[in-house]
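Single-structure report; data block below.
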Amino acid sequence: QGCVREPARRISCASNLKQIGMALAYYSNDFGDMLPPGNAVEALSLIRDGNYLTDTKLFICPSKRATPCPNGSALTEASISYIYLGAGRNLKTLSPNEIILMDKSGNHRNYGNALYVDGHVEGLKGDAWATAMKALEKNAAR
């Protein structure tokens, strides 16, 4: 039954990323094309506190068995299922094909969704997902 429901969870996860992406775009529009600074907790807190996206359930991948933080309480690393790569960058200077938000490793099995600068969300499987995770680890090591 879990295998049957996983494709639906992946679609719901992609929808979460799309909605977060729209909130990031609204934020950047209000702040001179700049994406929120910081890591996922800091950036998504700014999005939520600025009323760009207040439903904290959208910060949790449906494939994770995690409980979102109650609306109004502080976001934590455990209440967010996504990795944020925007960190105070100018949206207008980024490549449209650059990933700015993606699933944490382990949200899905050998699969992950990624939000791109141009607003589209793409599911990456197998080698493409492994390559995205390796690039993320390489960037984090710098």
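The values are calculated or read from the model by the stated rules, or taken from the named source; none is laboratory data. Keep in mind it's a predicted model, so treat the numbers as computed, not measured. In this analysis, Cβ positions are derived from the backbone assuming ideal geometry, glycine residues included, and neighbour counts consider all displayed protein chains. Heads up: the accessible areas ignore ligands, DNA and RNA and are worked out on the full protein's heavy atoms, side chains in. Shrake-Rupley method; radii C 1.70, N 1.55, O 1.52, S 1.80 Å.
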Practice prompt. Would you tally the residues in region 35-44 being open to solvent by 20 Å² or more (accessible area, probe 1.4 Å) and in a helix (DSSP H, G or I)?
Written response: 2
Worksheet item: Among all residue pairs at least 6 apart or on different chains, which show Cβ distances below 6 Å where the first residue, located in region 50-61, is closer than 24 Å to Arg10 by Cβ and open to solvent by less than 10 Å² (accessible area, probe 1.4 Å) and the second is part of a loop (DSSP other than H, G, I, E, B) and among the hydroxyl-bearing types (Ser, Thr, Tyr)?
Response: Cys61/Ser81
Worksheet item: What single numbered condition from (1) in contact (Cβ under 8 Å) with a residue 12 or more places away in the chain; (2) assigned to a loop (DSSP other than H, G, I, E, B); (3) over 13 Å from the mean Cα position of the chain (by Cα) fails to hold for Ser73?
Response: (1)
Worksheet item: Are any of the residues in region 8-31 open to solvent by less than 20 Å² (accessible area, probe 1.4 Å), assigned to a loop (DSSP other than H, G, I, E, B) and under 27 Å from Tyr111 (Cβ atoms)?
Response: no
Discussion item. At pLDDT below 90 and either farther than 27 Å from Ala130 by Cα or surrounded by fewer than 18 Cβ atoms within 10 Å (Cβ to Cβ) (or both): is that true of Arg65 in this structure?
Written reply: yes
Practice prompt. Inspect all residues belonging to region 111-131 and state whether any of them is open to solvent by less than 20 Å² (accessible area, probe 1.4 Å), at pLDDT 90 or above and among the polar types (S, T, N, Q).
Written response: yes
Item to complete: Could you figure out which of (1) within 13 Å of Cys13 (Cβ to Cβ); (2) open to solvent by less than 40 Å² (accessible area, probe 1.4 Å); (3) in contact (Cβ under 8 Å) with a residue 40 or more places away in the chain isn't true of Leu136?
Response: (1)
Worksheet, complete the sentence: Pairs returned, first residue in region 25-46 that is more than 16 Å from Lys92 (Cβ to Cβ), second residue that is part of a helix (DSSP H, G or I) and open to solvent by 50 Å² or more (accessible area, probe 1.4 Å), beta-carbon separation under 9 angstrom, 6 or more apart or interchain, are Pro37/Leu46; Gly38/Leu46; Asn39/Glu77; Ala40/Glu77; Val41/Glu77
